[in-house]
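The next block holds one structure in the form of structure tokens; read it before the comments.
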Amino acid sequence: MTQLIPLADGMFVALLEAVPDAMVCIAADGRLVLVNAQAERLFGYERAELIGQPVEILVPDAARAVHPGHRAGYVADPRHRPMGAGLSFAGRRRDASTFAAEVSLSTIDTDEGILVAAAIRDVTGQRRMKDLERSNHGLESFIYTVAHDLRAPLRALSGYSELLLEEYWEVLGEEGRGYAERIVAVSEQMGQLIDYLLQLSRVLRAELHLQSVDLGGEAAQIAEEIQRREPLRHVCFTIQKQVQALADRRLILTVLQNLLDNAWKFTSGRDDASIEFGTASGGDAAVCCYVRDNGVGFDPAYAAKLFQPFQRLHAARDFPGLGTGLASVRHIVERHGGHVWAEGAVGGGATFYFTLDGKESA
Amino acid sequence: MTSQSILLVEDNPDEEALTLRAFEKSNISNEVVVARDGAEALAYLFPGDGDGPRPALILLDLNLPKVGGLEVLRRMQADARTRLIPVVVLTSSKQEEDILDSYRSGANAYVRKPVHFSDFADAVRALGEFWLLLNEPAPSRGPESD
């Protein structure tokens with residue numbers, strides 16, 4: 001039983017009002033003798049409506065019958081029970097709606113006998129967050145499992161159509177071969193989609209290993225590799241040096257690779273192609289970078305679509321690709337607590353921005 | 001009891017047929033024995049009455065019914081009679097954990113099955129040529145003393 005310092009009545013009531021949680025005090029017979037303003041607000045009652053009522057008025061209908069038993073049990077063995085000590089309850093508001101609550105209990109020895117003091121906190125929000133995290137995690141595993149399991153039938157699809165082409169070339173005839181070739185081609189596409197899903201689940205699930213990365217240095221290296229792949233194309237790269245950022249190196253390299261690959265791809269029709277990497281002012285973010293090109297650009301009306309998976313703004317025959325690169329970029333940047341956006345005009349080039357927060361987002 | 005056979009541990013009949021076809025297309029003419037899950041593979045390697053057959057190469061899928069591929073690897077590692085048989089994990093997973101777990105459990109190689117049959121056939125041929133022709137297997141001296 002807890003009473004360290006005797007308090008004057010007024011002081012006790014003032015203390016009761018000062019705590020952030022809803023507080024109610026219950027006499028030995030289970031009737032409410034004191035409630036604070038937070039309790040009035042939480043349960044939707046006026047003080048006068050509560051005082052003198054059995055505490056069960058605040059308990060959901062389903063638990064009302066057993067509650068007096070719990071109460072008697074506590075009074076018989078009144079150890080202090082802090083919040084989070086396994087006391088998960090539901091509370092009942094005046095309008096009969098209920099909410100998830102955490103309750104801590106202690107006793108107060110007074111001249112009129114023992115009072116039980118209960119602090120009640122609405123934890124609906126926290127519960128919902130936890131549920132959301134759990135279901136997100138479930139979703140990530142689900143994506144992985146589905147993508148992984150799709151590979152087996154896909155391999156059979158692709159494998160047997162290739163065998164058809166190889167071993168029944170004559171029998172199939174020209175039209176038949178054309179059909180089989182279509183199956184092979186779409187299997188290839190499906191394989192890339194599955195790989196995207198696997199990569200996505202990896203990005204969503206991966207633990208971020210944040211370290212200081214020189215984005216400028218990395219961008220310069222990627223640019224060099226891209227140039228080496230197609231030595232006949234002339235592209236002017238302008239890359240800002242020494243752009244330090246806190247990021248997961250492996251993931252942020254995927255971002256730079258995707259953005260620079262895109263810039264390279266969408267400037268392929270120009271003799272005077274130029275690609276630029278640099279930093280801009282990005283509001284509160286620790287770092288704001290951009291990749292700018294003078295390629296075909298895009299219609300700004302569709303700017304938001306760019307970062308959706310499997311969306312393409314250009315015909316596949318003009319610019320090959322699945323439309324998953326920018327979606328990956330967005331996922332990775334958002335995992336880093338940053339965001340992405342794009343500016344551009346048809347025929348006027350494109351600029352892709354991303355910010356990094358230097359912190360991991362949940 | 002070292003034989004020149006290949007043990008293929010694969011539960012998917014489509015994959016099995018493709019793998020057998022890939023072997024046919026290569027120059028590997030060794031007999032291929034198929035086990036359809038981990039338990040069947042273990043029963044083949046450890047028949048219960050004395051020494052089982054010693055394949056020259058095992059191609060092992062990871063995701064298998066009953067007993068998984070990693071468990072097969074561990075059981076083989078724990079037994080001196082099977083410890084030195086080369087095992088290639090042949091799977092569609094490229095999860096880092098799977099790769100690490102495979103090596104930790106004693107796999108000699110890890111190959112992710114390519115989607116295209118032509119690539120897969122190339123991979124199977126390369127595996128056969130390396131492990132059956134180029135690689136020098138551990139000499140068989142009967143059960144080891146450790």
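Key figures
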{"item": "Filtered residues of the stretch B:121-144 (kept if under 13 Å from the mean Cα position of the chain (by Cα) and away from chain A (no Cβ under 14 Å))", "result": "B:L127, B:G128, B:W131, B:L132"}
{"item": "Evaluation of A:G216 against (1) of a type outside the set (D, E, K, R); (2) part of a loop (DSSP other than H, G, I, E, B); (3) surrounded by 15 or more Cβ atoms within 10 Å (Cβ to Cβ) (one fails), failing number", "result": "(2)"}
{"item": "Failed criterion for B:R83 (all others in (1) in contact with a helix residue (DSSP H, G or I) (Cβ under 7 Å, 6 or more places away or on another chain); (2) closer than 29 Å to A:M190 by Cβ; (3) not in a helix (DSSP H, G or I) hold)", "result": "(2)"}
{"item": "Count - residues of the stretch A:191-201 that are within 11 Å of another protein chain (Cβ to nearest Cβ) and buried (at least 17 other Cβ atoms within 10 Å of the Cβ)", "result": "5"}
{"item": "Helices (runs of 4 or more DSSP H) wholly inside the stretch A:4-77 that include at least 3 residues being among the hydrophobic types (A, V, I, L, M, F, W, C), within 42 Å of the chain's Cα centre (by Cα) and surrounded by 14 or more Cβ atoms within 10 Å (Cβ to Cβ)", "result": "A:37-43"}
{"item": "Members of the stretch B:105-120 that are at the interface with chain A (Cβ under 10 Å from one of its Cβ atoms) and either in a strand (DSSP E or B) or basic (K, R) (or both)", "result": "B:R112, B:K113"}
{"item": "Candidate set from the stretch B:8-22 (those that are among the hydrophobic types (A, V, I, L, M, F, W, C) and under 14 Å from the mean Cα position of the chain (by Cα)); member that is modelled with the lowest pLDDT", "result": "B:L20"}
{"item": "Sole exception among (1) closer than 30 Å to A:Q308 by Cβ; (2) within 14 Å of chain B (Cβ to nearest Cβ) for A:I222, by number", "result": "(2)"}
{"item": "Those strands (runs of 3 or more DSSP E) lying entirely in the stretch A:220-296 with at least 3 residues within 21 Å of A:H339 (Cα to Cα)", "result": "A:244-248, A:273-279, A:287-293"}
{"item": "Selection from the stretch A:140-149 of residues that are at the interface with chain B (Cβ under 10 Å from one of its Cβ atoms) and either in contact (Cβ under 8 Å) with a residue 40 or more places away in the chain or small (G, A, S) (or both)", "result": "A:Y144, A:H148"}
{"item": "Residue in the stretch A:65-84 that is at pLDDT 85 or above and touching a Lys or Arg at 6+ places or on another chain (Cβ under 9 Å) present", "result": "no"}
{"item": "Pairs with Cβ under 9 Å, 6+ apart, first in the stretch A:40-62 and free of Cβ contacts under 8 Å to residues at least 12 places away in the same chain, second assigned to a loop (DSSP other than H, G, I, E, B) and crowded, with 19+ Cβ neighbours inside 10 Å", "result": "none"}
{"item": "Every pair of residues 6+ apart whose Cβ atoms lie under 7 Å, when the first sits in the stretch A:158-180 and is at the interface with another protein chain (Cβ under 10 Å from one of its Cβ atoms) and surrounded by 11 or more Cβ atoms within 10 Å (Cβ to Cβ) while the second is in a helix (DSSP H, G or I) and among the basic types (K, R)", "result": "A:L163/B:R21; A:L165/A:R177"}
{"item": "Residues that are within 11 Å of chain A (Cβ to nearest Cβ) and part of a helix (DSSP H, G or I), drawn from the stretch B:12-23", "result": "B:P13, B:D14, B:E15, B:E16, B:A17, B:L18, B:T19, B:R21, B:A22"}
{"item": "Test: residue in the stretch A:81-91 that is over 32 Å from the mean Cα position of the chain (by Cα) and surrounded by fewer than 18 Cβ atoms within 10 Å (Cβ to Cβ)", "result": "yes"}
{"item": "Test set (1) over 25 Å from B:F120 (Cβ atoms); (2) of a type outside the set (V, I, T); (3) touching a residue at least 12 places away in the same chain (Cβ under 8 Å); (4) part of a loop (DSSP other than H, G, I, E, B) - B:G48 fails condition number", "result": "(3)"}
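The values are calculated or read from the model by the stated rules, or taken from the named source; none is laboratory data. The structure presented is a predicted model; accordingly, all values stated were derived computationally and were not measured. Cβ atoms come from the backbone with ideal geometry, glycine included; neighbour counts cover every protein chain shown.
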